[in-house]
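Before I ask anything, let me first share the structure, which is written out below as C-alpha cells.
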Amino acid sequence: MTESASESAPASSEPSRQRCGLIAIVGRPNVGKSTLLNALVGQKISITSRKAQTTRHRITGIRTLSDGQGGGTQFVFVDTPGFQTRHTAALNKSLNKTVMGALDGVDLVLFVVEAGKFSLADAKVLALMPKGAPVILVANKLDAVHRRAEVAHWLRDMQERHAFAEYVPMSAKNPQEVARLLDICAPYLPEQPWWHDADDLTDRSEKFLAGEIVREKLFRYLGDELPYAMNVEVEQFKEENGMFHIYIAVLVDKENQKPIVIGRGGEKLKKISTEARLDMEKLF
C-alpha cells in the first residue's frame, strides 16, 4: 500500500545511467531506524536495541542496485541517533547535533514513525525537516497493527501535517516491502556517478563495526542493569592468515559494575562475546 502525494513523481532511471544520492533516516528513538537501515543495505551494519540512544554515531550504509550494463542506483543512507526531545543532558545535545548535521545537503529524507501513531516527540522531529529535500513518510512496524483499516484514516491525518512526497506503510522485517521502498526512493536521487564501489556496504571501518557489535550485545543483556554506564574500546584489530584477532575492552563507570558485566563464573561476558563473534563472522 503506497499513496503518492503528487501525480508527477520523478521519472525512473534509464538503463546504463547511474543515479546516486544521500538519504537521511530520521525519527524519534525506537521507531526502528537502525533495523530499517540494516534491511535497506541488506546487511547488519547498525546496532539495534530496545534502549533509546543505542545509536550514538552517524552511520552510513550503502546499497547499490546495478542494471548489469554499468548503470543503476546507489543509495547512500545515513542512520542517525533518535532525536531527543525530553532531556538536555550533554549526550543528548551531542546526539541531536549529529541528527541536524545529517539533514544538511541530503537528496531525500525518510521520516520514520510507528504506523498508526504520532506523538509530540514525532511532531518535534517533523518540524526539523529541511525545506529543499523531499520527505517520505515511512510508517514502520505495520506488522504490529491489528486493524489495518485504522492506518488508512491515520494516513489521511498525516497528509495534513506535512507535504510528504510519498506515504509508505511497511515493516522493515518484510523483504518485499523493503525492496518496494528502494524502488520508491530511486527516482528521487540525481543522475550522477556512484560515490562508492558497487560492493561497499558502509564507510565505517571493520574496527569500528566490531566495537559497535559488542556494544549492542552489552545493551541487550545489561541495558536494564547498566543503561548507559558502558562503552567499548577496540584495543587491537588485526588480520593474520585469514583470521581476525580482535581485543575489545568493556568500560564501566564504577568498580562495583564489573561483576555485573562479567556475571557468575564469567557466564555473562562469555555469552556476550560469543554472540558478538557470531555477528562478526557474518559481517566480515
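On the given criteria, is ALA210 buried (at least 16 other Cβ atoms within 10 Å of the Cβ) and in contact with a Phe, Trp or Tyr (Cβ under 9 Å, 6 or more places away or on another chain)? Lay out the reasoning, then the answer.
Details: buried (at least 16 other Cβ atoms within 10 Å of the Cβ): yes; in contact with a Phe, Trp or Tyr (Cβ under 9 Å, 6 or more places away or on another chain): yes.
When the stated conditions are applied, ALA210 passes them.
One line per residue, one yes/no per condition, for (1) outside any strand (DSSP E or B); (2) in contact with a helix residue (DSSP H, G or I) (Cβ under 7 Å, 6 or more places away or on another chain); (3) modelled with pLDDT of 90 or more:
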site: SER12; (1), (2), (3): yes, yes, no
site: THR55; (1), (2), (3): yes, yes, no
site: GLN69; (1), (2), (3): yes, no, no
site: PHE75; (1), (2), (3): no, yes, yes
site: ASN92; (1), (2), (3): yes, no, no
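Which of (1) modelled with pLDDT of 90 or more; (2) within 24 Å of the chain's Cα centre (by Cα) is the odd one out, the single condition PHE284 does not satisfy?
Status for PHE284: all satisfied but (1).
If you take the residues of segment 254-284 that are open to solvent by less than 100 Å² (accessible area, probe 1.4 Å) and free of Cβ contacts under 8 Å to residues at least 12 places away in the same chain, which of them is nearest to ASP200 (Cα to Cα)?
First, the residues of segment 254-284 that are open to solvent by less than 100 Å² (accessible area, probe 1.4 Å): 257-263, 265-266, 268-269, 272-276, 278-280, 283-284.
Imposing the further condition that a residue be free of Cβ contacts under 8 Å to residues at least 12 places away in the same chain reduces the set to 258-259, 262-263, 265-266, 274, 278.
Numbers: LYS258: 37, PRO259: 39, ILE262: 36, GLY263: 38, GLY265: 41, GLY266: 37, THR274: 26, LEU278: 21 Å.
This residue is LEU278.
What single numbered condition from (1) open to solvent by less than 10 Å² (accessible area, probe 1.4 Å); (2) of a type in the set (Val, Ile, Thr); (3) at pLDDT 95 or above fails to hold for THR64?
All conditions pass for THR64, except number (1).
Taking the condition hydroxyl-bearing (Ser, Thr, Tyr) and closer than 28 Å to ARG63 by Cβ, does SER205 pass? Quick ask: steps written out before the conclusion?
On the way: hydroxyl-bearing (Ser, Thr, Tyr): yes; closer than 28 Å to ARG63 by Cβ: yes.
So SER205 passes the test.
Same structure, new question: When you check ALA186 against the structure, is it within 20 Å of VAL78 (Cβ to Cβ), within 24 Å of the chain's Cα centre (by Cα), touching a residue at least 40 places away in the same chain (Cβ under 8 Å) and buried (at least 18 other Cβ atoms within 10 Å of the Cβ), yes or no?
Working: within 20 Å of VAL78 (Cβ to Cβ): yes; within 24 Å of the chain's Cα centre (by Cα): yes; touching a residue at least 40 places away in the same chain (Cβ under 8 Å): yes; buried (at least 18 other Cβ atoms within 10 Å of the Cβ): yes.
It is true that ALA186 is within 20 Å of VAL78 (Cβ to Cβ), within 24 Å of the chain's Cα centre (by Cα), touching a residue at least 40 places away in the same chain (Cβ under 8 Å) and buried (at least 18 other Cβ atoms within 10 Å of the Cβ).
Just a yes or no: is a residue in segment 211-223 assigned to a helix (DSSP H, G or I) and small (Gly, Ala, Ser)? Full working, then the answer.
Narrowing segment 211-223 to residues assigned to a helix (DSSP H, G or I): 211-222.
This time we only want the ones that are small (Gly, Ala, Ser), so: 211.
Taking every residue of segment 211-223 in turn, at least one turns out to be assigned to a helix (DSSP H, G or I) and small (Gly, Ala, Ser).
Taking the condition of being within 15 Å of LYS217 (Cα to Cα), among the hydrophobic types (A, V, I, L, M, F, W, C) and out of contact with any Ser or Thr (no Cβ under 9 Å at 6 or more places or on another chain), how many residues in segment 243-272 meet it?
9
Any residue in segment 238-250 that is touching a residue at least 40 places away in the same chain (Cβ under 8 Å) and under 17 Å from ILE213 (Cβ atoms) sitting within a Cβ distance under 8 Å of a residue that is open to solvent by 70 Å² or more (accessible area, probe 1.4 Å) and small (Gly, Ala, Ser)? List the pairs, counting only those 6 or more apart or interchain.
Hits for this filter: zero, empty list.
In addition: Mind checking which residues of segment 119-176 are of a type outside the set (D, E, K, R) and in a strand (DSSP E or B)? Steps first, please.
Of the residues in segment 119-176, the ones of a type outside the set (D, E, K, R) are 119-121, 123, 125-130, 132-140, 142, 144-146, 149, 151-155, 158-159, 162-165, 167-172, 174-176.
Answer for segment 119-176, where residues must be of a type outside the set (D, E, K, R) and in a strand (DSSP E or B): VAL135, ILE136, LEU137, VAL138, ALA139, ASN140, TYR167, VAL168, PRO169.
Quick test of your reading of the structure: HIS196 fulfils all but one of (1) touching a residue at least 12 places away in the same chain (Cβ under 8 Å); (2) outside any loop (DSSP other than H, G, I, E, B); (3) surrounded by 14 or more Cβ atoms within 10 Å (Cβ to Cβ). Name the failing condition by number.
Among (1) touching a residue at least 12 places away in the same chain (Cβ under 8 Å); (2) outside any loop (DSSP other than H, G, I, E, B); (3) surrounded by 14 or more Cβ atoms within 10 Å (Cβ to Cβ), HIS196 violates only (2).
For GLU235, are the conditions met, namely being part of a helix (DSSP H, G or I) and either under 30 Å from VAL168 (Cα atoms) or open to solvent by 60 Å² or more (accessible area, probe 1.4 Å) (or both)? It would help to see each step written out before you state the result.
On the way: part of a helix (DSSP H, G or I): no; either under 30 Å from VAL168 (Cα atoms) or open to solvent by 60 Å² or more (accessible area, probe 1.4 Å) (or both): yes.
The answer is no for GLU235.
What's the number of the only condition in (1) modelled with pLDDT under 90; (2) of a type in the set (Ser, Thr, Tyr); (3) within 24 Å of ALA39 (Cβ to Cβ) that SER171 fails to meet?
Of the numbered conditions (1) modelled with pLDDT under 90; (2) of a type in the set (Ser, Thr, Tyr); (3) within 24 Å of ALA39 (Cβ to Cβ), the odd one out for SER171 is (1).
Residues are listed down the side, and each one gets a yes or a no for (1) modelled with pLDDT of 90 or more; (2) open to solvent by less than 50 Å² (accessible area, probe 1.4 Å):
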| residue | (1), (2) |
| --- | --- |
| GLN84 | no, yes |
| ALA102 | no, yes |
| ASP107 | yes, yes |
| PHE111 | yes, yes |
| ASP143 | yes, no |
| HIS146 | no, no |
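The values are calculated or read from the model by the stated rules, or taken from the named source; none is laboratory data. Because the structure is predicted, anything quoted here is derived from the model rather than measured. All Cβ positions, even for glycine, are placed from backbone atoms using ideal geometry, and neighbour counts span all protein chains on display. All accessible areas refer to the heavy atoms of the entire protein, side chains included, with ligands and DNA or RNA removed. Shrake-Rupley method; radii C 1.70, N 1.55, O 1.52, S 1.80 Å.
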